[in-house]
1. Let me know the longest stretch in the chain that avoids all GluC sites (Glu not before Pro) found in a DSSP loop with at most 10 other C-beta atoms within 10 Å.
2. Which FRET efficiency value, to the nearest 0.05, do you get for N243 and D98 by plugging their Cβ-Cβ distance into 1/(1 + (r/R0)^6) with R0 = 45 Å?
3. Tell me, what is the FRET efficiency for L201 and D383 to the nearest 0.05, using R0 = 51 angstrom and their Cβ-Cβ distance as r?
4. What do you get for trypsin sites (Lys or Arg not before Pro) in the stretch 310-352 restricted to DSSP loop and a cutoff of at most 14 other Cβ within 10 Å of the site's Cβ?
5. Tell me the trypsin sites (Lys or Arg not before Pro) within the stretch 199-291 that lie in a loop according to DSSP and have at most 13 other beta-carbon atoms within 10 Å.
6. Along the charge dipole of the chain, pointing to its positive end and built from +1/-1 on Cβ of Lys, Arg, Asp and Glu, which listed residue (S200, V370, M323) has its Cα farthest out?
7. Going by C-beta contacts inside 10 Å, put D234, D209 in order with the fewest on the left.
8. Under the rule of -39500 (n - 2.57) per DSSP H run of 4 or more residues, summed and divided by the residues of the chain, what mean residue ellipticity at 222 nm is obtained, to the nearest 500 deg cm²/dmol?
Amino acid sequence: MKNIIKYLVLFLVVFGLTSTACKDFNKNSDKTKNKSVNIKVADTLKWSERMLLSEMERVPKASMLDFVKKPRWSYTNGLVLSAAIKVYEKTKNQKYYDYIYTYANEMIDNTGTIKTYKISNQNLDMIKSGDVLLYLYPNTKEHRFLKAIETLNSQLESQPKTSDGGYWHKKIYPYQMWLDGLYMAEPFHTRYAKEYITDSLKQAQIYNDVVLQFDLIQKHSRDENTGLLYHGWDESKEQQWANKETGNSPNFWSRAMGWYGMAIVDVLDYLPQNHPGRERLIKYLNQFADAISKYQDNTGLWYQVLDQKDRKGNYLEASGTSMFTYTLAKGVHKGYLNEKYLDLAEKAYTGIIDNLISIEDSGIINLNQVCGVAGLGGNPYRDGSFEYYVNEIIRSNDPKGTGPFILASLELNK
């Protein structure tokens, strides 16, 4: 009898422990279910789509790109949306088209007026988003988009110039050419001439003016020793940052060089094959590729200040690297550059993925180590020194990095 009671007690203890364990397991299972992650970006997609979808999750309205608090017309919107156009053209996913169209629909009113834009500022940065309109107008035939395109072109026709014909970067920066400006304005201007101008003389005049901007940057901003190009050139030599003999700013900023490289390969898409300036642009591109190849880090990436990798504070920067990757890959694919530069582009792209991309549980991807902004002059004054460039804000997912990353991803079909 005692043995029966002993076994009965033992059974009840074991059963009780098992029951509790099952309850705990069920509780833990419920917790796990509650913590299941909502996947927003599938890892089966190509990197171009993954980044675009990630940007759309972070910034549902393209008018709010670049960490702004109010909708605005600016170059960063045009940069990301130009990349989005290429993703849409490959995938035909309607949500990408809607993201692009919604920006133009929001920022262009029914009279064709561009909200937040002032032609009187004569700011080359404001031309870039015109690329979006050049794409949308043939598809929509909405006259307001054409009116806005013509407004942007009229800015270029009245843009103040240096004595030899170079566009001032902005009205508030007199007598100054920046590398940035060629990407902001020249792809738009070349495409506008090709697709919207029927007068052959007027067309030729624009093409000549576009090529002249590159000729002048080569003449004034290229350093013969390194082959690199200085960020800015001041014809008046009055700026604090300007070399009193050459007028150049003191350093080689990677993103400025990136803007310049992308400008060349994109302008060549629209410059006629028989234009005499075409071969010069291809020559400039080859000089560019040769110069930056000498400063590529063994990670595949490039530094914020290109030629000073060993200097304290310098860092491997995402936007310049993405721009170089796109430029080199496209240059090879179009037949402008030697095949060896495709290897450098592949190495750079691998370096970006391995060192600068992070992935959230939801599948959203981040591009890290992007220089937020850098310029010359202004208030507070930006002196173009090494210390200035390396101490500007560094952040993740700045559109000046994500846009070129999408373009590079598409060009390499990753």
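Please treat every number below as a calculation from the coordinates, not as lab data. A quick note: this is a predicted structure, and the numbers were derived from the prediction, not measured. When we count neighbours, we look across all protein chains shown, and the Cβ atoms used for this are built from the backbone with ideal geometry, even at glycine.
1. 1-223
2. Numbers: r = 48 Å, r/R0 = 1.07.
E(calc), rounded to 0.05, equals 0.40.
3. With R0 = 51 Å, the Cβ-Cβ based efficiency is 0.70.
4. Taking the stretch 310-352 and a limit of 14 other Cβ atoms within 10 Å, the loop trypsin sites (Lys or Arg not before Pro) found are R311, K312, K334.
5. Those that pass, being in a loop and sparsely packed, are K244.
6. So the residue furthest toward the plus end is V370.
7. Working: D234 25, D209 19.
Exposure proxy ranking, most exposed first: D209, D234.
8. Working: 14 runs with 225 residues, N = 414.
It lands at -18000 deg cm²/dmol.
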